[in-house]
Structure formats: C-alpha cells, structure tokens
Amino acid sequence: MVEEGVSLRGLNTLGLPATAANLVRVDSEAAVRRVVDHPHWGLAPKMVLGGGSNLVFTRDPSPLVIKVEVPGLRVVHEDAQAVVVEAGAGVDWHALVCWTLEQGLGGLENMALIPGTVGAAPVQNIGAYGVELKDRFHSLVAVDLITGRTVELDARACAFGYRDSVFKHSGFGGLAGKSVITRVRLRLPRPWQPVLGYLDLQKRMEDTGVREPSAQQVFDWVCAIRRAKLPDPAVLGNAGSFFKNPVVSAEQCRDIIARDPAIVHYPLEDGTVKLAAGWLIDACGWKGRSVGRAGVYEKQALVLVNRGGATGAEVLTLARAIQASVYERFGIRLEPEPVVV
Ligand code: EPU
C-alpha cells in the first residue's frame, strides 16, 4: 500500500517539482491507524498532503507522505437553528460547496472556488468575501499520528485566526505534523442570511439590480469575481494569495497614509488596520513581473505563479525580493500564507 518515488508535481497547485520517497493514501481513520501502528512507518517522520493548494515545495518532503483521500458527504444533524453537514477530508472543497447548494443549503457560497480539499480548509482557516471557515465550523475529526487515537476538536481547540489555526504551528500545543484531519463538520445556520458586505459583491448587486440574491446567486457572483482575477491552478500554477494582508497599528497606518494616501486599508474592530498586501506589492511595481520562471500574476499582485517549470527556490527568491521592496518602501514585513516545505 506504500507507493515509492511518487512525483508530487501534479499534487501541488503551484506545480513545483518534488518527490515523495514513499506515499500512502488513506481513506478512513482506520487507514491512518494502520500507518501509525506499522512497525516501520509508525515511527517515520510524516507529511500530510491534502490538495496541495497552500504549499511551496523547496525540497523533497519527509520520508512518508500521507495523502488524505477520505470521501463522503452527508447531513449529520438538523434542527430549527442549523443544519450540520460532514465531509470527508479528501473531498474537494468546491465540490462540498456545490453539494450543499444542491441540497438547498446556503452558507458556504462566499467560499466558492477556493482550491484545495476539505481537510486543508481548517488548517489555514480559509476565507473569502466576508466569510471564513471558522464562521461555519462545527467540529472536526482527526487521528493522532503518535497514538493513533481518533479525536474530535471544536472551534476553540482549533484556535482559528486569520489564515491560521493550531494545525499550522509545530511548537508546544501546536498540531502541525502531529495529526491527520479526516472529517470536517460545518454548521449552516437557519434561516440562511446572505453576507454581502464586500465591495465586489455590492458592485454586483448594483450592476444587476438584484437586491435580495439567493445563495445560488451569491455563489454565481463569487465564481465570476474569482474567475476574473484569480488564475485557475489547472491552467497556471499558483497557491492563491501568497502573502497575508498585514495588520498594523492605527498610528503606523496614519504614517503610511500620510506618505501614500491611496493605500487600500480596512479598519478592524480592535483599532488596528488591515492593509491590502496586493496593493502594496502592486505599488512597488511587481505586477506582471518575473524572476526566473516564477512570476507575479498580471491581474492580482498577491498571487505568485509558476510560468512553467519553476522550482520552489525560484518562487521563494521572487517572494523574498517582493518582501524586501515592500519593506524598503513601506516598512512592512509581508508574511507568506502558504506552508513552505
Ligand atoms: N489590489 C491592488 N492591486 C493588486 C491586488 C489588489 O491594488 O494587484 C487592491 C484591490 O484593488 C483591492 C485590495 O487591494 O482594493 C484588496 O484586493 P482583493 O479584494 O482582491 O482581496 P485580497 O486582499 O487581495 C483577500 C484574500 C483572498 C480572498 C479575497 C476576497 C488574503 C491574503 N487574501 O484577497 O484569499 O479571496 O480577499 O475575500 O486574505 C487566499 O487566501 O488564497 C485568497 C485568495
């Protein structure tokens, strides 16, 4: 059941070259447990791979790659307040969004077309157009890679933050590399209420004259908006936003605005201000540029792309050059969003 020398180029959306010395596909909690209980593989360092959409391979990963392929979509609970659905970690995220809409269940439509699998969604608390995974999260099932025990985690245990969770941290209390998420349960509140605060969605409402869109309508808008400005990984390798939007103090923001009045910024509830990293990168002249075979997408400076045959090192060289110029001009350190292996 362990495959040897598997190319990972087709298993990461940036299309970067890397080889798994050994790769095992798991389709259930029991399958993960078999790996943990295995006399040899149980002790080997492991890397968990989902859809590979938030990953930069700069080298070959740990001796054993666990490719999560747990299937399944079902409604597990229903009452007056909400419907709880459960999806296998190996299910494609967008397929889950489509399935819920087919069942007449709204709630995930703002997160349509986000690349990757269901199991990867909680790792970086995916989000788009005003809704984050944590806003719809119920619980998840994971298998501990040391004990083989199946555990259930609620939102609190996952410690969700902006593109962050306990699964991204390897230090004390962190779960990166220590467990495999096998199922995710989402809570879709009743009655459904649209989330239309984002400028792009407001614009669609104005342009179409639709004041009370259905979940399907919002889904269609989000798909159209994303398709217009984000590259399809099947056509042009990319990992979505490459940097997080930085958050600065109100004072820092005032200084920056004084120098660059056009800067796109969003005040947050706690008094801090979120800056649009895409705007900062764009302002430094990076849009459409390339370093080696890695480049900055023409329509959205926050997305780095593989122009064909790029290595992870080339992508990181480009990323560092962007970080350096944004730091030089604005004094802000951009933090990469994907996990670098
Ligand atoms: N902008 C520019 N130039 C650019 C790119 C953006 O001036 O090259 C400006 C835009 O005009 C806009 C602002 O920056 O005023 C923000 O851009 P956008 O609305 O496209 O959103 P974003 O900040 O680039 C974030 C998420 C996306 C998510 C969208 C919509 C992060 C790092 N990115 O992007 O998530 O889809 O909002 O909610 O938070 C992802 O994480 O991979 C991702 C795609």
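Residues that are touching an Asp or Glu at 6+ places or on another chain (Cβ under 7 Å), basic (Lys, Arg) and more than 9 Å from the ligand (Cβ to nearest atom): does segment 284-293 have at least one?
Within segment 284-293, one or more residues are touching an Asp or Glu at 6+ places or on another chain (Cβ under 7 Å), basic (Lys, Arg) and more than 9 Å from the ligand (Cβ to nearest atom).
I'd like to check which strands (runs of 3 or more DSSP E) are fully inside segment 206-277 and have at least 1 residues that are within 28 Å of residue 329 (Cβ to Cβ) and aromatic (Phe, Trp, Tyr).
265-267
Condition (residue is outside the structural domain of residue 125 (by TED's automatic domain parsing), assigned to a strand (DSSP E or B) and not aromatic (Phe, Trp, Tyr)) applied to segment 278-292: is it met by at least one residue?
Among the residues of segment 278-292, at least one is outside the structural domain of residue 125 (by TED's automatic domain parsing), assigned to a strand (DSSP E or B) and not aromatic (Phe, Trp, Tyr), which makes the answer yes.
Scan segment 189-212 and give yes if some residue there is surrounded by 20 or more Cβ atoms within 10 Å (Cβ to Cβ), in contact with a Lys or Arg (Cβ under 9 Å, 6 or more places away or on another chain), in contact (Cβ under 8 Å) with a residue 60 or more places away in the chain and not basic (Lys, Arg), otherwise no.
No, segment 189-212 contains no residue that is surrounded by 20 or more Cβ atoms within 10 Å (Cβ to Cβ), in contact with a Lys or Arg (Cβ under 9 Å, 6 or more places away or on another chain), in contact (Cβ under 8 Å) with a residue 60 or more places away in the chain and not basic (Lys, Arg).
Of the residues 190, 204, which single one is within 14 Å of the ligand (Cβ to nearest atom) and more than 17 Å from residue 97 (Cβ to Cβ)?
Answer to the check: 204.
For the condition polar (S, T, N, Q) and under 27 Å from residue 40 (Cα atoms), what is the one hit in 147, 117?
147
List, please: which pairs have Cβ atoms under 9 Å, are six or more places apart or on different chains, and start with a residue in segment 64-75 that is on the phi > 0 side of the Ramachandran plot and end with one that is crowded, with 22+ Cβ neighbours inside 10 Å and charged (D, E, K, R)?
Taking only residues 6 or more apart or on different chains, the pairs are 72/183.
Could you please let me know if residue 89 is without any contact (Cβ under 8 Å) to a residue 60 or more places away in the chain and hydrophobic (A, V, I, L, M, F, W, C)?
Considered against the rule, which asks whether it is without any contact (Cβ under 8 Å) to a residue 60 or more places away in the chain and hydrophobic (A, V, I, L, M, F, W, C), residue 89 comes out as no.
Which pairs have Cβ atoms under 8 Å, sit 6 or more apart or on different chains, and link a residue in segment 291-302 that is of a type in the set (Phe, Trp, Tyr) to one that is outside any loop (DSSP other than H, G, I, E, B)?
The qualifying pairs are 297/238; 297/303; 297/304; 297/305.
Please work out which one of (1) more than 9 Å from the ligand (Cβ to nearest atom); (2) over 22 Å from residue 128 (Cβ atoms); (3) more than 22 Å from the chain's Cα centre (by Cα); (4) not β-branched (Val, Ile, Thr) is the condition residue 312 fails and give its number.
(3)
Would you check if residue 270 is more than 13 Å from the ligand (Cβ to nearest atom), under 22 Å from residue 129 (Cβ atoms) and free of Cβ contacts under 8 Å to residues at least 60 places away in the same chain?
Considered against the rule, which asks whether it is more than 13 Å from the ligand (Cβ to nearest atom), under 22 Å from residue 129 (Cβ atoms) and free of Cβ contacts under 8 Å to residues at least 60 places away in the same chain, residue 270 comes out as yes.
Take the residues in segment 68-89 that are under 26 Å from residue 19 (Cβ atoms) and surrounded by 22 or more Cβ atoms within 10 Å (Cβ to Cβ), then tell me which one is farthest from the chain's Cα centre (by Cα).
Residue satisfying both the conditions and the ranking: 70.
Determine whether residue 119 is in a loop (DSSP other than H, G, I, E, B), of a type in the set (Gly, Ala, Ser) and either closer than 27 Å to residue 226 by Cα or touching an Asp or Glu at 6+ places or on another chain (Cβ under 9 Å) (or both).
It is false that residue 119 is in a loop (DSSP other than H, G, I, E, B), of a type in the set (Gly, Ala, Ser) and either closer than 27 Å to residue 226 by Cα or touching an Asp or Glu at 6+ places or on another chain (Cβ under 9 Å) (or both).
Considering only residues that are under 18 Å from residue 117 (Cα atoms) and either in a helix (DSSP H, G or I) or at pLDDT below 95 (or both), look in segment 152-163 and name the one that is nearest to the ligand (Cβ to nearest atom).
163
Only one residue in 90, 51, 107 is modelled with pLDDT of 95 or more, of a type in the set (Gly, Ala, Ser), touching a strand residue (DSSP E or B) at 6+ places or on another chain (Cβ under 6 Å) and under 30 Å from residue 305 (Cβ atoms). Which one?
90
Got at least one residue in segment 139-154 being over 20 Å from residue 33 (Cβ atoms), in contact with a Pro (Cβ under 7 Å, 6 or more places away or on another chain) and in contact (Cβ under 8 Å) with a residue 24 or more places away in the chain?
No, every residue in segment 139-154 fails to be over 20 Å from residue 33 (Cβ atoms), in contact with a Pro (Cβ under 7 Å, 6 or more places away or on another chain) and in contact (Cβ under 8 Å) with a residue 24 or more places away in the chain.
Taking the options 229, 244, name whichever one is surrounded by fewer than 20 Cβ atoms within 10 Å (Cβ to Cβ), within 30 Å of residue 19 (Cβ to Cβ) and among the charged types (D, E, K, R).
Only one candidate passes the filter, namely 244.
The values are calculated or read from the model by the stated rules, or taken from the named source; none is laboratory data. Everything quoted here is computed from the prediction, not taken from an experiment. No Cβ is skipped: glycine too gets one built from the backbone with ideal geometry, and neighbour counts run over all protein chains shown.
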